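Worksheet: the structure to be examined is printed underneath.
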Amino acid sequence: MKAIVCCLLFCACGSSFAQVKYGHAFSGEFGGIGIGISAQYDYIFLQTDKGFFDARAGIGGWANYNFRSYSFSHAVTYNFGSANHFLEGGIGACYALQPADQPYEVTTSKYFAGPMIGYRSISANGFQFRIYANLFMGDKNQTTVYGGIGFGKTFLRRTK
C-alpha cells in the first residue's frame, strides 16, 4: 500500500501545476467501495498537467427480505490522463455495518481497505462515467475483489 501512495505522489510531483478545471462531483454507484448501491461525493483537490488528485466519501447499503447492511466509503486516487479520459489508481476503504434484526442477534461491522484501479471519463458538459475494481483486505487476511460502475455529474471550479 505504501508503494501505491509513493507512486501516486511521484506522478504528481513530476508535473507542473495547471489551471484547476474540475472542482467536485456527485455520483451514484453500483458495487465498488460502497458495497451495494451508494451515493458518492468527490472533491478534486489538486490538478496537474497530467491529471488530478481526488478524495471521495460516500454512503450506501444493500437490503433484501432477510438481510440489510450499510456502508461508509472513502478513497484517495490519482487520475492520470488527458482529453477527459483518465486511468484512476489509489486506495479505497469501506466501513460496513450489518445491524441485528432480532434481539438475539449481534450487530457486526468490518473495515476493509485496499488498492483500486479503474477508468474515469468526464465529458465536456460534466457527465462522469467510472468503472473500477478494488481489492479489499480485511481481518484474518481475508481478500475480496469488488468491481464498481458509476455515473454522475462533475462541476467546474471557478478560477481567477
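The values are calculated or read from the model by the stated rules, or taken from the named source; none is laboratory data. Since this is a predicted model, take the numbers as computed values, not measurements. We place every Cβ from the backbone using ideal geometry, glycine too, and count neighbours over all the protein chains shown.
At-a-glance table
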| item | result |
| --- | --- |
| Only one of Ala55, Ala39, Ala63 that is farther than 17 Å from Arg120 by Cα, of a type in the set (A, V, I, L, M, F, W, C) and out of contact with any helix residue (DSSP H, G or I) (no Cβ under 6 Å at 6 or more places or on another chain) | Ala63 |
| Selection count, the range 59-94, where residues are touching a Phe, Trp or Tyr at 6+ places or on another chain (Cβ under 8 Å) and not small (Gly, Ala, Ser) | 13 |
| So Ser82, is it modelled with pLDDT of 85 or more and polar (S, T, N, Q) | no |
| Filter pass, Arg130 being out of contact with any Leu (no Cβ under 8 Å at 6 or more places or on another chain), in contact (Cβ under 8 Å) with a residue 60 or more places away in the chain and part of a strand (DSSP E or B) | yes |
| Hits in the range 123-136 - residues which are within 14 Å of Phe26 (Cβ to Cβ) and crowded, with 22+ Cβ neighbours inside 10 Å | Arg130 |
| The range 34-73: number of residues that are within 18 Å of Tyr95 (Cβ to Cβ) and touching a residue at least 40 places away in the same chain (Cβ under 8 Å) | 4 |
| Residue tally, condition in a loop (DSSP other than H, G, I, E, B) and either aromatic (Phe, Trp, Tyr) or within 13 Å of the chain's Cα centre (by Cα) (or both), over the range 80-122 | 1 |
| Residue match in the range 89-102 (condition: among the hydrophobic types (A, V, I, L, M, F, W, C), out of contact with any helix residue (DSSP H, G or I) (no Cβ under 7 Å at 6 or more places or on another chain) and surrounded by fewer than 14 Cβ atoms within 10 Å (Cβ to Cβ)) | yes |
| Selection count, the range 10-69, where residues are aromatic (Phe, Trp, Tyr), within 13 Å of the chain's Cα centre (by Cα) and modelled with pLDDT under 85 | 0 |
